[in-house]
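Report on the following structure.
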Protein chains: 2
Amino acid sequence: MPRVLNFSAGPAVLPEAVLRQAQAEMLDWRGTGACVAELSHRGAPFMALAAEVETDVRTLLGVPDTHAVLFLAGGATTVQALLPLNFAVRDQHADYLVTGHWAKVAMKQGAPAVDAHVVASSEAQRFTAMPDKSQWQRSPDAAYFHVTANETIHGVELPDDIDDGTIAPLIADFSSNIASRPSDISRYAMIYAGAQKNLGPSGITLAIVRRDLLERRGQPRADILTWASHAAQGSMLNTPPTWNWYLLGLCVRWMIEQGGTGEFARRNGEKAAMVYAAIDDSKGFYRNDVVTSVRSRMNIPFVLHDAALDAVFLAESQAAGLIGLKGHKAVGGMRASLYNAMPVDGVRTLVDFMQDFRKRHG
Amino acid sequence: MPRVLNFSAGPAVLPEAVLRQAQAEMLDWRGTGACVAELSHRGAPFMALAAEVETDVRTLLGVPDTHAVLFLAGGATTVQALLPLNFAVRDQHADYLVTGHWAKVAMKQGAPAVDAHVVASSEAQRFTAMPDKSQWQRSPDAAYFHVTANETIHGVELPDDIDDGTIAPLIADFSSNIASRPSDISRYAMIYAGAQKNLGPSGITLAIVRRDLLERRGQPRADILTWASHAAQGSMLNTPPTWNWYLLGLCVRWMIEQGGTGEFARRNGEKAAMVYAAIDDSKGFYRNDVVTSVRSRMNIPFVLHDAALDAVFLAESQAAGLIGLKGHKAVGGMRASLYNAMPVDGVRTLVDFMQDFRKRHG
């Protein structure tokens, strides 16, 4: 079967060059005579890899020395559960901006260990807009202010200057748009991202944390749930997900070689513009209701004017080698996820398909 | 570089047939036109895989219907931190049998959330023996009784009939000897195992839990830290480590095809007997102090009669294509880990090397 064009929201398309390299060195990585997944994380070859990947992450994202870089097992949801345990005292406020499904998940996971407070919510607008900043209700004593930089289900992406972090440390879930454009990391006390969208495979989460936050006492918890301990041990407090770390490293190196976040901002802008144009110019055949200024460049949900066509669209697109286009059940319709590893030409193929489908079914 | 013989304690050697299959299908898994790591965990192909792997795990290990099978992100240490949160009320006793380094880690991770109680410890014997059962001090009200089925650092393996679970539910860390011989899972309320020794790559942990334990209320915690929620969602409460799950599945299938746990018990017995004979017949050149009845079949630590030879042994063994033999710093010397994927012939090569080394340096 030839390679398909994969528009899945995550796990998602990986760079073909990365997969070919991983394939080539599956039985002999760097002359060790073993797969990287077989080697001790405390041996010299893997320790060297870990150091290289951290350097590359710092280069790609422009991480300042004030911030530690952590590679954590599991996904972003676990990070959300551990945020208050690491950074808040019980009954302290923590502020959450609710811009979609994933912001709600972050608050739900944090709520058992902190007084989670909704700063503002766009749920009444079905998460199609940014909550009006003049209406935000901030807690003066909040342990942190949590935002979701991109909502994969609702297709809403926050501007990078959403908050300056002066009222409370700004913490952002960047799972689905990390490295998609240049960002000023110094604005954030912490950003985190499950790798399975823009960084690699699932099973590893990148966390970038300002070091002063790691000194907070937090709440009673096990050492393995304590990020300061992970930071002190170079993310090897226990056996890390080594193959995932390796593949993340290959993806980060690939992004640097492709031109870095500036180049991906250009490509992602071009890709998103093509799809939104195909929607907006369809005379209502396709529809996306998100306010233009916060439309996501990464995940574009759209509905067909007649939901009876959904199954036809999915069957025909799959037959044409385009997969992962089914929308999340919360919003229905379709969704095209256009992460860094999705080439511009792949999106052109999608847009051509959308226009052809509309001609045949319009 | 030809394939080395990898005696690492974990991450550890994987079956070559598994690596070759993963290599072959890296860009096109099961005709999907994608790597398994690129596919949505909620799509039909991965959902089918997940169901197959659970069936195969149940077949390989003989898991009764009374027990749920969970595939969790991260490692065994996180499981240890979550045990009291899921199964105990705060200030309740939890009993721990302390037979080595990893038993101590399990207790340390649990201690912030439970009154962790030492039933018995062999630390005074430098963890070379089993704590005398007549001296055990059990708590009548313990939430559970935790044992470490195999100690990778100290080379101590518990007999399968260590406890019948009648005083408190028996929970065992099987990270380093799962599937190494037939075990009666029904004895255990829960067993868990980081995959990176006998099951696959790091980054995923298998947990087998009696369903009645999942009904315990435990302590306030986030949904993502709650195993009942994972069980209710087929281990897809959030995005699981899909590639790790896939590779674990390939390893489990390989173990079934090789003849299952009975066959591995035979091979592992033969492998361990060869190495212990090389040690015990060396007239003190090599030494292992563990009491014979609890000597591990998986991890065999040994010291050389002259520690000045350690560096020579490591350099020469590495030159001969034998890697991962350096002992843990807590006990020094050497360690040979002989997991299921290490062939009998590989161990024969190690033993030949040990005997030759002794002749040349004895």
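The values are calculated or read from the model by the stated rules, or taken from the named source; none is laboratory data. These numbers were taken from a predicted model, which means no experiment stands behind them. When we count neighbours, we look across all protein chains shown, and the Cβ atoms used for this are built from the backbone with ideal geometry, even at glycine. Note: accessible area is taken over every heavy atom of the protein model, side chains too, but ligands, DNA and RNA are not part of it. Shrake-Rupley method; radii C 1.70, N 1.55, O 1.52, S 1.80 Å.
Please count how many residues of region B:229-244 are small (G, A, S) and crowded, with 19+ Cβ neighbours inside 10 Å.
Adding up the residues that qualify gives 1.
Kindly check whether there is at least one residue in region A:249-257 that is surrounded by fewer than 23 Cβ atoms within 10 Å (Cβ to Cβ), more than 14 Å from chain B (Cβ to nearest Cβ) and under 20 Å from A:N86 (Cβ atoms).
no
Identify the residue in region A:98-113 that is open to solvent by less than 40 Å² (accessible area, probe 1.4 Å) and in contact with an Asp or Glu (Cβ under 8 Å, 6 or more places away or on another chain) and, among all such residues, is nearest to the other protein chains (Cβ to nearest Cβ).
Ranking the candidates gives A:Q109 first.
Name the residue, out of B:A9, B:A73, that is out of contact with any Phe, Trp or Tyr (no Cβ under 7 Å at 6 or more places or on another chain), within 30 Å of A:K329 (Cα to Cα), buried (at least 24 other Cβ atoms within 10 Å of the Cβ) and modelled with pLDDT of 95 or more. Explain how you work it out, then say what you get.
On the way: B:A9 fails: within 30 Å of A:K329 (Cα to Cα).
The unique qualifying residue is B:A73.
Among the residues of region B:18-32, is any free of Cβ contacts under 8 Å to residues at least 60 places away in the same chain and among the polar types (S, T, N, Q)?
yes
Which members of region A:33-55 meet the condition of being more than 9 Å from chain B (Cβ to nearest Cβ) and open to solvent by less than 20 Å² (accessible area, probe 1.4 Å)?
Within region A:33-55, A:L49, A:A50, A:V53 meet the criteria.
Have a look at B:R297, B:R253, B:R287, B:R267 and point out the one that is over 22 Å from B:E16 (Cβ atoms) and touching a helix residue (DSSP H, G or I) at 6+ places or on another chain (Cβ under 8 Å). Give the derivation first.
On the way: B:R297 fails: over 22 Å from B:E16 (Cβ atoms); B:R253 fails: over 22 Å from B:E16 (Cβ atoms); B:R267 fails: over 22 Å from B:E16 (Cβ atoms).
Unique residue meeting the criteria: B:R287.
Looking at (1) over 25 Å from B:G200 (Cα atoms); (2) more than 14 Å from chain B (Cβ to nearest Cβ); (3) surrounded by 17 or more Cβ atoms within 10 Å (Cβ to Cβ), can you tell me which one A:R221 breaks?
The number of the failed condition is (2).
Restricting the search to region B:172-202, which residues are assigned to a loop (DSSP other than H, G, I, E, B), within 14 Å of another protein chain (Cβ to nearest Cβ) and hydroxyl-bearing (S, T, Y)?
Scanning region B:172-202 gives B:S175, B:S176, B:S202.
In this structure, is A:R30 in a loop (DSSP other than H, G, I, E, B), on the phi > 0 side of the Ramachandran plot and within 14 Å of chain B (Cβ to nearest Cβ)? Even if it seems obvious, please write down each step before you answer.
On the way: in a loop (DSSP other than H, G, I, E, B): yes; on the phi > 0 side of the Ramachandran plot: yes; within 14 Å of chain B (Cβ to nearest Cβ): yes.
Yes.
Would you be able to say whether some residue in region A:338-350 is open to solvent by less than 20 Å² (accessible area, probe 1.4 Å) and in contact with a Gly (Cβ under 9 Å, 6 or more places away or on another chain)?
Yes, region A:338-350 contains at least one residue that is open to solvent by less than 20 Å² (accessible area, probe 1.4 Å) and in contact with a Gly (Cβ under 9 Å, 6 or more places away or on another chain).
Confirm whether B:R90 is modelled with pLDDT under 95 and under 27 Å from A:S40 (Cα atoms). It would help to see each step written out before you state the result.
Values: modelled with pLDDT under 95: yes; under 27 Å from A:S40 (Cα atoms): no.
So B:R90 does not fit the description; no.
Any residue at all in region A:58-78 that's among the polar types (S, T, N, Q) and at the interface with another protein chain (Cβ under 7 Å from one of its Cβ atoms)?
The answer is yes; a qualifying residue exists.
Which numbered condition trips up B:G234, out of (1) assigned to a helix (DSSP H, G or I); (2) more than 14 Å from chain A (Cβ to nearest Cβ); (3) over 18 Å from the mean Cα position of the chain (by Cα)?
Result: B:G234 fails condition (1) only.
Taking the conditions exactly as written (more than 23 Å from the chain's Cα centre (by Cα) and at pLDDT 95 or above), does B:K283 satisfy them or not? Show your work before the answer.
Details: more than 23 Å from the chain's Cα centre (by Cα): yes; at pLDDT 95 or above: yes.
Judged against the criteria, B:K283 is a match.
Return a yes/no flag: does region A:203-215 have any residue that is at pLDDT 95 or above, within 13 Å of chain B (Cβ to nearest Cβ), closer than 30 Å to A:L19 by Cα and in a helix (DSSP H, G or I).
No.
Out of everything in region B:288-305 that is assigned to a loop (DSSP other than H, G, I, E, B) and either under 19 Å from B:V13 (Cβ atoms) or free of Cβ contacts under 8 Å to residues at least 24 places away in the same chain (or both), what residue ends up being most open to solvent (accessible area, probe 1.4 Å)?
Per the stated criteria, the residue is B:H305.
Quick check: anything in region A:133-147 open to solvent by 10 Å² or more (accessible area, probe 1.4 Å), β-branched (V, I, T) and at pLDDT 95 or above?
Looking through region A:133-147, none of the residues is open to solvent by 10 Å² or more (accessible area, probe 1.4 Å), β-branched (V, I, T) and at pLDDT 95 or above.
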